[in-house]
Amino acid sequence: MPRYMCPAFGALSAHRTTSRWISKQDHWQNAPMQSAGHWIGRRDALLALVAGAIGLTLGYLDSRPTWDDTGITAALLLLTSAMGAGLSGRRPWLWALLTGIWIPLFEVGGAAGLAAFAALGVSTVGAIGGYLLVRVSPPRS
């Protein structure tokens, strides 16, 4: 099977799904949903649900008047987005958005105002850190 080198996506094989070329790593490790033409695999979809649920929970807790632990919220946002990007190994922007968007959605009209958008910055740092940790670490033998 011929292989092609693409600067943005790495080595691509000549295997084509319904709508795009996919790499062997994407095909075998992530089992993409080919029948419906989705761009996200089963593992990433499950991770997205978990990261979104944790982000939603953090957004709800942070919007409560009795919750006054910004450090715990920031640490959990950082770890959740790093976990999603690290386990997925792709799309750090997705994991930052899934975990960090909920706090501004809950609090932008409240007392926090626009300062709630700092949660997106924290989750972006975590997602990029988790993504780079996976990319830089040596492969297991």
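Computed from the coordinates by the stated procedures, all read-outs in this text should not be read as laboratory data. Just so it is clear, the structure is predicted and the values come from calculations on it, not from any experiment. Cβ coordinates were reconstructed from backbone atoms using ideal geometry, including for glycine residues, and neighbour counts include every protein chain displayed.
Quarter the surface of the alpha carbon convex hull of segment 50-119 and you get the mean projected area, 4.1 square nanometres.
Spin-label pair residue 49-residue 115: with each label point 7 Å from Cα along the Cα-Cβ axis, the two points sit 3.7 nm from one another.
Sort the following peptides by mean Cβ neighbour count (other Cβ atoms within 10 Å, averaged over residues), highest first: 43-51, 123-131.
On the way: 43-51: 17.0, 123-131: 23.6.
Packing order, densest peptide first, comes out as 123-131, 43-51.
Summing charges over all other residues whose Cβ lies under 15 Å from the Cβ of residue 46, with Lys and Arg as +1 and Asp and Glu as -1, gives +3.
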